[in-house]
1. With no solvent and one point per C-alpha, what does the Debye sum give as log10 I(q)/I(0) for the stretch 43-183 at q = 0.14, 0.17 Å⁻¹?
2. Can you tell me, using C-alpha contacts under 8 Å and at least 6 residues apart, the relative contact order of the chain as a whole percent?
3. How do Thr102, Thr79, Thr4 line up, fewest other C-beta atoms within 10 Å first?
4. Normalise the Debye intensity by I(0) for the stretch 164-224, one equal point scatterer per Cα, no solvent, then take log10 at q = 0.26 Å⁻¹ and round to two decimals.
5. Rule-of-thumb check for the stretch 108-221: C-alpha Rg over 2.2 N^0.38 Å?
6. How far, in degrees from 0 to 90, does helix 82-102 lean away from the longest principal axis of the Cα atoms of the chain, to the nearest 10?
7. Compute the relative contact order of the stretch 39-163 as a whole-number percentage, counting only Cα pairs closer than 8 Å that sit 6 or more residues apart in sequence.
8. Which order do Arg97, Arg3, Arg130, Arg13 fall in if you start with the one that has the fewest other Cβ atoms within 10 Å?
Amino acid sequence: MSRTALLLLADGRFPAGGHAHSGGVEAAIAHTSVHDLDSLEAFCRGRLHTTGLTTAGLAAAAAAGCDPLLLDDAADARTPVPALRAVARRLGRQMMRAARATFPSPELDRVAAARPRGAHQPVVQGLAARAAGLAPVDAARAAAYESVGGPTTAAVRLLSLDPLGASRLLARLSTEIDAVALAAADAADRVATEGLGALPSASAPLLDITAQQHAAWTVRLFAS
């Protein structure tokens, strides 16, 4: 398929459930660490180079043909917080439904049967990219973009930020998004010789802590 498939995967209107999640920015806003466009940019940059890099690596490896069930276990190991593991599998389950309808493939069917509660979202994203005929770096780019695009969209709603300013923020991050995608794809290339340990495992402990707190809120706009 053409690279248009990448636009579809990265489109917020793709019915993968991401619109219901803030990527941790709702909790960050509650703690006042995000309160305007500048602080949102700092939050997104930190998320991109930690969580974004890790998920981009998993997506690239899945698109490269690595065993998706082993990758799913590797994703679990890189997600120490129960709340975030649950979110990743819930998003993965929804993305699997959308991917199987859009890019039917036996591999997607196999993983859906093996992980009825849902595989981790970046693994499914990589499988969807592979089914669409995209390269590992394309899968990594979609995952990296989503790691900042989702929080930015959520922050616009939560803080009534200027949408034009938010778009400008994402444009400023575009070079870094590309760099993260390339690093993730390079790591995926090394899996064949170095094993799954070659994949990024960057962490963001504060995001982990606030995600677990957010899961206990009784009133919230976003699921995560």
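Taken together, the values in this text are just the output of simple stated rules run on the coordinates, not laboratory data. For clarity, every value in this text was computed on a predicted model and none was experimentally measured. Methodologically, a virtual Cβ is constructed for each residue, glycine included, from the backbone with ideal geometry; neighbour enumeration extends over all protein chains shown.
1. -0.63, -0.89
2. Details: 364 pairs, mean separation 81.7, N = 224.
Value for the chain: 36 percent.
3. Numbers: Thr102 17, Thr79 22, Thr4 9.
Starting with the residue having the fewest Cβ neighbours, the order is Thr4, Thr102, Thr79.
4. So the normalised log intensities work out to -0.95.
5. Against the compact-globule rule of thumb, the ratio is 1.26.
6. 60
7. Relative contact order for the stretch 39-163 comes out at 40 percent.
8. Details: Arg97 16, Arg3 12, Arg130 23, Arg13 7.
Least crowded to most crowded, the residues run Arg13, Arg3, Arg97, Arg130.
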